[in-house]
1. Across 10 Å bins from 0, what is the distribution of all Cα-Cα pair distances for segment B:2-53, in whole percents?
2. When only C-alpha pairs under 8 Å and at least 6 residues apart count, what is the relative contact order of chain A, in percent?
3. Alpha carbon centre of segment A:129-169 versus segment A:57-107: separation in Å?
4. Under 16 Å Cα to Cα from residue B:72, which lysines show up? Leave out anything in the same chain fewer than 8 places away.
5. Determine the shielding of peptide A:34-40 by partner chains: average, over its residues, the number of Cβ atoms on other chains within 10 angstrom of each Cβ.
6. Once all Cα-Cα distances of the protein assembly as shown are split into 10 Å bins that start at 0, what whole-number percent is in each one?
7. Students often forget the sequence filter, so: which aspartates and glutamates lie under 14 Å Cα-Cα from residue A:173 once same-chain residues fewer than 8 apart are removed?
8. Order B:178-191, B:135-148 from most to least packed using the mean count of other Cβ atoms within 10 Å.
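What follows draws every value from the coordinates through simple rules; no lab data is involved. Remember, predicted model here, so these are calculated numbers, not experimental data. Ideal geometry is used to build each Cβ from the backbone, glycine not excepted, and the neighbour counts take in all protein chains shown.
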Amino acid sequence: MTFLKLTASVLAVAAASSTAAHAREQIQVAGSSTVLPYAAIVAEAFGENFDFPTPVVESGGSSAGLKKFCEGVGEGTIDVANASRAIKDREVAACAENGVTDIVEVRIGYDGIVFASDIAGNSFEFQPRDWYLALSEQVVVDGELVANPYTMWNEVNPDLPEQEIQAFIPGTKHGTREVFEDKVILAGCEATGDYDTYLAAAEGDTDKARGKAAEKACISLRTDGRTVDIDGDYTETLARIISTPHSIGVFGLAFYENNTSILQVAPMGGVVPSTETIATGEYPVSRPLYFYIKGAHVGVIPGLKEYAEFFVSDEIAGPDGPLAEYGLVSDPELADIQAAVAAAGVSN
Amino acid sequence: MSTEIQGSSLFAITDNVRRRNLAEKRFRAYGLSAIAVGIIALIVLLSSVLSNGSGAFMQTYVTLQVELPADKLDKQGNRNVEEMKSVSTFGYTPLIRAAVVARADQLGWGMPDGMTPKDMGAIISKEAAAQLRRFVLANPDVVGMTVTLEMLANGRVDGYMKGRVDREIAALDGNVSPQQLDLVDLLVEGGNLEKRFNFAFLTSPDASGQRPEAAGLGVAILGSLYMMMIVLVLALPIGVAASIYLEEFAPTNKWTDLIEVNISNLAAVPSIVFGILGLAIFINFGGMPQSAPIVGGLVLTLMTLPTIIIATRASLKSVPPSIRDAALGVGASKMQSVFHHVLPLAAPGILTGTIIGLAQALGETAPLLLIGMVAFVKEFPAAPPEGFFDPASALPVQVYNWTQRADAGFVERASGAIIVLLVFLIIMNAVAVMLRRRFERRW
C-alpha cells in the first residue's frame, strides 16, 4: 500500500508544482541560425558582466523564430527573435493579431556570403555572371533559350580553371539562399543580358507581372545534380566539399574565417570578401542581420533592455569587438542604432 | 525411389544429404558474415568516435602571474564589490595580456615582426577574463596584488598541444599564427603551459563559438538527469499500475483489446510525434516554460510508457498461475496475491524493462528539438523541484548543437560528448543485465 500512497503523493506534487506560477528570470531568444553564434557570444558575455542570468538562445531559423515571437505577449512567449532578414509585413500583421504590437527592430551588422572551395584545389575568381551561367536552368545561346549546356567552369568563362561544375548552395529554407539568388544569380542574369530575353518571352498582363516572371526564370536553377541544395548547416556544406574535392560551396563569412586552414575563398566581382570590403560595400554579396525585441516585455523580463543595449554597444558590436572578430561586419551606423535601442520601451 | 532408399546407408552420402549439408553450411556462413559486418561497423564507429573525442578529456592550461592594478579594477579604492562590478570582462583582458607579455619577456622572447601584444594575449582563452573577474569580485582584497592564476589556453593552442594544429595549418588559419605557436613552445619550456585531464568537460556549462576550450557538459548532464528523474517517477508507477490492472484485473472484452492494440501501436510511433504532442499540450496549452526539463521529462514519459507497460506485462505473464492459485487458496484477496506474490516475482523483469526504457529516453533527441531544448543554455538549473522548470540542455542535444558549430574544436567536443553518452548507456544496460541475471527466476 505504501507504494501506492507514494505514487499518489508524487503525482499530486508534480501536478501542484506544474500549475504553480513560475516567474521567468532569464531572457528567451530564438531564431536565425546565422545570428545564433553572435547571440551566443553576447549572451555569454552578458551573463558574465551583469547580475542577470545568461539568456537562453535557441536556433531554428529566421521564420520559425519570428513565428514564435509573434505567438503573443507574456512569460510563455520568447522575448527576442533573431533574423537574418528584415521582418515581413505578413509577419508584422500576424504579430499584431496576437497582440504583439510594440516591436523594436535592431540591426546588428552585416554578414558576408562567400564562395569557397578546398584549399588544395583550383583557385577561382568569379563574376556573378559566371554563377548564373553555370547554375541557371536555361541560358541564352545564340539568341535562343536552351537548357543549360555547360559542364565545365572554363566553358562559362575562359578565365576560370578547367574543372567540372559542382556547387553546394544553401537550401530554400535558409535566408542565405534569398541573398544568393538576388545578389549573384539575378545580378548575373542581368549582366549577361539574358534577363531581357526572359522578359521578352515572359507572359503577363502588366509590366510588373512580366518582370516578376522574368526574375523567376532567372533564378530557377538546373536540376541535373550540378548544384545541390544543402538544407543543413554550413558544417554539412563543408563535409560535402571535403568529400567532393572539385566543388565549390556557399558559406557565411564567419564560418569561412573559422576554417581558413581547409577552405580557400574566391573573390567575387574582383573583390576578396573580408569584414572591411563588406563594410565599405565593395563586396557585393552581403545582407544585414537583425534582432527584434518585444517592447511589451521590456521592464517585465529582467535585463531585456540591458541585453539589447549591451548587444549593440561599441565593445561588443563595434569594429574591435568580439562579434567583428568572429566574422560579423560591424554596422557603420552603430551610434544611431544604439540611440534607437536606448529610446525603445521608454514609454513602458 | 523406394529401392534407392533401401539401398542407402548412413555412411554413404547421397546427393540429397550433400545438398542439405551444403545448405546448412551456407546458412552458417550467412550468419557469420552478418555478425562480422555488424562487428566491423561497431569497430569503425567506436574507433572514429574515440579517436576524435578522446582529446576532449585532456585540456591545455596556462599558469601565469597576473598583476591586479588597483587603479584599473577599483577606481574608488574602497574595495566595494558593487562599484568594482562596473569594470567589465573587457577591462580584465588587458591584464591577462600583460601577464603573457611579462612572462614571455622573462623567458627571453624576442617579439617577431608583425606580432602585437594582442596576438600574444590571444593564446589564452577568452574565458580567462571572465574567470579573473569572478575571482576578483569574490575576493576583493586581492586587488593591488599579483596572483597566480591557472587559465585555459585558446582552442587552437590546445589543438596544437594535441597535435590537431601544426605550423603548416597555423600559417593558413586566420585564428592562430606560427609565431603564436613559437610563443607556446617557449611557455611550455618555461613550465607555464601543460596538458592534463579535463574534469571541467564534465562539470562546466556550454560556451559560445569563440571558446570551444571552455565548453563542457555540466548543464546537459544535469538536464538529462532531471529528465530521467521525471521519467522514472512518472512512467514507472503509471506503467506498472496500468500493466497490473490490464494483466490481473481487467476483463477481456473489446475495450481492453482496443487498449492493448493502442499500447503496442504507441510503442512504434516515431518519437518526433511525441515532441509535437508535447509542444501542443504542455507548452501551448498547459503554459509550461520552454526549454525546461519538466516538459522534456513529460514528453519522454509518454514515449517510455508503452515500453515499460509491454515489459511489465510480459514479466507478469511469466509468473506461473500456480503462485496466484496458491495465494488465493490460502485466503489472500486478489490484490494481496498480486502485491505480495506476483509483483515481487515479476520485479526483476519490470526493472530491466524500465532501465532499457530509460536508456532509450536518455538518447532521444527528436522530441526535444520541438520543445526548445536545442538551445544555448549556460546557466545551471536550480536544485529540484524548482530546477525542473529552469532551462536546461540534454546530452544528445548537446552533441547535435556542437556538430553545428563552425570551430573545429567543437568536433572534438561533440565526439567527447558521444563518449560520455555511450558510457551512461553502457552503465544502464549493464545494470539491467545484472539485475536480470541475479534476480530472474525461471519456472
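1. For segment B:2-53, the pair-distance distribution reads 20, 25, 18, 15, 12, 8, 3, 0.
2. 25 percent.
3. Cα centroid to Cα centroid, the span is 40 Å.
4. Within reach: B:85.
5. Average neighbour count from other chains, rounded to a whole number: 4.
6. 2, 11, 18, 21, 19, 14, 8, 5, 2, 1, 0, 0
7. By straight Cα distance, residue A:173 reaches A:181, A:229, A:231, A:233.
8. B:178-191, B:135-148
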